[in-house]
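Trainee: Below you'll find the structure I mean.
All of the numbers you see were taken from the coordinates with simple rules; none came from a lab. It should be emphasised that the depicted structure is a prediction, and the values quoted were computed from it without experimental measurement. Cβ coordinates were reconstructed from backbone atoms using ideal geometry, including for glycine residues, and neighbour counts include every protein chain displayed.
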Amino acid sequence: MRSAGPLLATALLGVLTAATALSTSAETPTNPSAVRSTTTRASGSIDHIIIIVQENRSFDHYFGTFPGANGIPMRPDGTPKICIPDWVLGHCSRPYHSTTQYQQGGPHDQRASEIDRNGGKMNGFVTSVARGKGKCASESKRFTAACRPFLGPKRQPDVLSYHTGKEIPNYWAYAKHYLLQDHMFAPADSWTLPSHLFLFSGWSAL
């Protein structure tokens with residue numbers, strides 16, 4: 001799984017709308033005060049840029065199985081190749097498909113980001129969430145009945161869950177019709193607020 005930093009989020013779509021060429025015929029006005037201004041755009045020029053940022057979602061969580069994207073590597077049988085160390089279960093855990101729209105996810109602070117990256121191995125996501133006390137992935141809650149809905153089929157934490165176009169058809173439609181960036185990462189190694197400030201101003205101001 002790839003993370004966008006502690007924000008675990010940022011599937012970003014750049015929606016580019018090409019403007020149609022506008023042409024006007026030359027006219028000789030009978031009244032000089034009635035001269036109309038004309039604007040000509042080059043065919044194929046960008047008319048609008050719309051940025052969609054989803055908070056607390058990693059690229060793999062929303063687009064890990066999108067055709068052609070650099071997402072979750074799959075085996076021939078359609079199951080994920082990667083397996084993330086999970087010391088609570090005593091073995092590694094694989095990503096799984098989830099149809100629910102609510103996930104607890106993982107922690108968002110800088111320390112969690114360091115654990116997630118694990119020196120560049122990018123496999124510490126389960127470790128960081130298992131350390132917490134309020135999440136169902138934690139050692140104390142992983143096997144409780146109340147937490148069963150927030151875990152995968154093999155009790156993986158839902159930080160390893162992913163969606164397909166069936167659960168989020170609007171996002172997949174945007175990606176198919178416009179542009180999907182699969183190498184976009186959070187600008188701040190921190191939580192949501194400074195990351196959003198970076199998005200609009202180029203610095204966190206914190």
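Trainee: What distance in nm separates the two pseudo spin-label positions at ASN170 and THR100, each 7 Å out from Cα along the beta-carbon direction?
Mentor: According to this spin-label approximation, the distance is 2.2 nm.
Trainee: Applying 1/(1 + (r/R0)^6) with R0 = 41 Å to the Cβ-Cβ distance of LEU179 and ALA145, what FRET efficiency is obtained, to the nearest 0.05? Each step should come with its number before you reach the end.
Mentor: Working: r = 44 Å, r/R0 = 1.07.
With a Förster radius of 41 Å, E is 0.40.
Trainee: Sticking with this structure for a sec: Using θ = phi - 60° and the Karplus relation 6.51 cos²θ - 1.76 cosθ + 1.60, list the HN-Hα couplings for the range 45-54 in order, rounded to whole Hz, with x at every Gly or Pro.
Mentor: Ordered by residue, 3J(HN,Hα) equals 6, 7, 9, 9, 10, 10, 10, 10, 10, 9 Hz.
Trainee: Mind sorting VAL159, VAL53 by how few other Cβ atoms lie within 10 Å of their own Cβ, fewest first? Mind showing how you got there, number by number?
Mentor: Values: VAL159 27, VAL53 16.
So the ranking, lowest neighbour count to highest, is VAL53, VAL159.
Trainee: Pick out, in residue order, every one of the trypsin sites (Lys or Arg not before Pro) in the range 65-152 that is DSSP loop and has at most 13 other C-beta atoms within 10 Å; say none if there are none.
Mentor: Values: sites: LYS81, ARG111, ARG117, LYS121, ARG131, LYS133, LYS135, LYS141, ARG142; in loops: LYS81, LYS121, ARG131, LYS133, LYS135, LYS141, ARG142.
Answer by residue number: LYS81, LYS121, LYS133.
Trainee: Now, a different point. Tell me, what ³J(HN,Hα) does each residue in the range 84-94 have, in order and in whole Hz, if you take phi through Karplus 6.51 cos²θ - 1.76 cosθ + 1.60 with θ = phi - 60° and put x for Gly and Pro?
Mentor: Result, ordered by residue: 9, x, 9, 6, 5, 8, x, 7, 7, 10, 9 Hz.
Trainee: While we're on this one: For LYS121, list the lysines whose Cα falls under 17 Å from its own Cα; do not include residues on the same chain fewer than 8 positions away.
Mentor: Filter leaves LYS81.
Trainee: Set the Förster radius R0 to 25 Å, insert the Cβ-Cβ distance between GLU55 and TRP87 as r into 1/(1 + (r/R0)^6), and round the FRET efficiency to 0.05. All intermediate terms of the calculation are to be shown ahead of the outcome.
Mentor: Numbers: r = 28 Å, r/R0 = 1.13.
The formula returns an efficiency of 0.30 here.
Trainee: Name the long-range amide H neighbours of MET74: under 5 Å, sequence gap of 5 or more, or other chain; modelled H, no Pro or chain starts.
Mentor: Under 5 Å from the amide H of MET74 lie the amide H atoms of LYS81, each far enough along the sequence or on another chain.
Trainee: Using the structure shown, list the pairs from LYS133/LYS154; LYS135/LYS176; LYS141/LYS176; LYS133/LYS176 with a Cα-Cα distance above 30 Å, or answer none. Write down the numbers at each step before the final one.
Mentor: Numbers: LYS133/LYS154 20 Å; LYS135/LYS176 34 Å; LYS141/LYS176 39 Å; LYS133/LYS176 39 Å.
As for pairs spanning more than 30 Å Cα to Cα, those are LYS135/LYS176; LYS141/LYS176; LYS133/LYS176.
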